[in-house]
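**Q** Input: one structure, supplied below.
Bear in mind that the values in this text are calculations on the coordinates, not laboratory data. If you're wondering where the values come from, they're calculated on a predicted model, not measured in any experiment. All Cβ positions, even for glycine, are placed from backbone atoms using ideal geometry, and neighbour counts span all protein chains on display.
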Amino acid sequence: MSRSPARWNAVSLGTSLMRRANDAVRFAEKTLGPLLDLLIRLWLAEIFWTSGLVKLQNWSVALYLSAHEYPVSWIDPVTAAWLGEAIEMICPPLLVLGLATRFAAIPMLILSLVIQFSFQALDQHLFWAVLLGWFVVKGAGPISLDALIGRGIAATALPLAAPVARGLNLLTQWGDPVVKLVLRCWIAALFFRSGVMKISHFDATRMLFEAQPAQLLLPPDWAARISILIELACLLFLVLGAGTRITAILLLGLTVIVDPSFQQRFDVAYYWMVLGLIALHGPGSLSIDALLARLLRRLPRLDAMRRASYEGMPHVLIIGGGFGGIAPRQLPNHPRRSAQLFPVSAAALPGRDRRSVPGRYCRTHSGPVSGSAQYPRRVGRGKRRRYRRA
């Protein structure tokens, strides 16, 4: 069955657009991804560093708070105060420089969880933990001292340098899908909660949209309903990892219009950070997007199939109805064979096979040609035949 050139061109155009979109995503990941990683490191370091400076200026107050306001049951209050202060003064500079980033992020991650479960439960603390977990698994990124000197240290004779480097590479390899899944599920749960809250307080939601720039685009009722629908639907798309980058970009646009936390505008920056990581770095291998990408890579490239029909398969040359098209293999000294059939057949073959073209790659048949199809190329005599490499 032949494929029309117009239909083939449409398919080829579609695949070309998809390839260009994929190239644009990869370019954004290589350029904007490291900048976003650096921005998040600076943001987190500033929070912990400021907290440490405040405690140093009022150390007696810090000890009182550690003993009475947010005591940790499994550690002495004075020890907890000193340990927390050490983490807040030592680890943030390392995080900013991107030096020993994973080892600096681990204590900060533990401190965030202690604050969340022993002091005050806030989404902000869990955002700290999720973002610090990203750096524990992925490292600081290209804009860091780790990236600058990491390979050199691994190649030196320092004790345990090579095993530690291999261990960190394995952590990144095996932890990357997990941390990306956690990011997707965490932000999806927050948006789903926001959608449920907007449904239960729809009048307040409509008033919220009346005060937002969304009123310039849609009526408040429509804007509120569409926002709720998007926030509820994102749970499915983000958790399954289907259309993940598009969903993340859509949610980024939604957070510009309306506060997804519904009351705490300060948390919106954390939404942007997490959604930016998902949009730039992708959903990871534990996703439907990754599964579809693996399946598509196994298929032949459509834009190459047309060239393959000309270059990758043997060429059949019909030299009219005379003796040239009857049996050129039986006429080894005839000039038409060397001048027309042989060069055409050998054009797409390696040089070492050119001398064996007539015997291995060419088949000739006498009789009238009954038909031909360009995609894939067929030439038949009575019953259609497909010509492939021997």
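**Q** Being touching a Cys at 6+ places or on another chain (Cβ under 9 Å) and not basic (Lys, Arg) is true for just one of Ala67, Ala105. Which residue is that?
**A** Result of the check over Ala67, Ala105: Ala105.
**Q** List the number of the failed condition for Pro177; all other conditions in (1) more than 18 Å from the chain's Cα centre (by Cα); (2) surrounded by 14 or more Cβ atoms within 10 Å (Cβ to Cβ) hold.
**A** Of everything listed in (1) more than 18 Å from the chain's Cα centre (by Cα); (2) surrounded by 14 or more Cβ atoms within 10 Å (Cβ to Cβ), Pro177 misses just condition (1).
**Q** Further, regarding this structure: Scanning the range 31-84 for residues that are within 39 Å of the chain's Cα centre (by Cα) and of a type in the set (Ser, Thr, Tyr), which turns out surrounded by the most Cβ atoms within 10 Å (Cβ to Cβ)?
**A** If we take residues in the range 31-84 being within 39 Å of the chain's Cα centre (by Cα) and of a type in the set (Ser, Thr, Tyr), then Ser51 is surrounded by the most Cβ atoms within 10 Å (Cβ to Cβ).
**Q** With the structure loaded, tell me whether Leu44 is part of a helix (DSSP H, G or I), over 13 Å from Ala86 (Cα atoms) and not small (Gly, Ala, Ser) or whether it fails that test.
**A** Yes; evaluated as a whole, the condition is true for this residue.
**Q** Hey, another quick one. For Ile153, indicate whether it is closer than 23 Å to Gly282 by Cα, of a type in the set (A, V, I, L, M, F, W, C) and surrounded by fewer than 20 Cβ atoms within 10 Å (Cβ to Cβ).
**A** No, not satisfied.
Per-residue answers, yes or no, for (1) more than 16 Å from the chain's Cα centre (by Cα); (2) assigned to a helix (DSSP H, G or I); (3) closer than 21 Å to Leu94 by Cβ; (4) not charged (D, E, K, R):
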| position | (1), (2), (3), (4) |
| --- | --- |
| Leu148 | yes, yes, yes, yes |
| Gly152 | yes, yes, yes, yes |
| Ala157 | yes, no, no, yes |
| Pro163 | yes, yes, no, yes |
| Arg166 | yes, yes, no, no |
| Asn169 | yes, yes, yes, yes |
| Leu183 | no, yes, no, yes |
| Phe191 | yes, yes, no, yes |
| Ser194 | yes, yes, no, yes |
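**Q** While we're here: Any residue at all in the range 63-85 that is in contact (Cβ under 8 Å) with a residue 24 or more places away in the chain, outside any loop (DSSP other than H, G, I, E, B) and not acidic (Asp, Glu)?
**A** The answer is yes, given that some residue of the range 63-85 is in contact (Cβ under 8 Å) with a residue 24 or more places away in the chain, outside any loop (DSSP other than H, G, I, E, B) and not acidic (Asp, Glu).
**Q** Here is a further query. Tell me yes or no: at least one residue of the range 116-125 is part of a helix (DSSP H, G or I) and of a type in the set (A, V, I, L, M).
**A** No, the conditions are met nowhere in the range 116-125.
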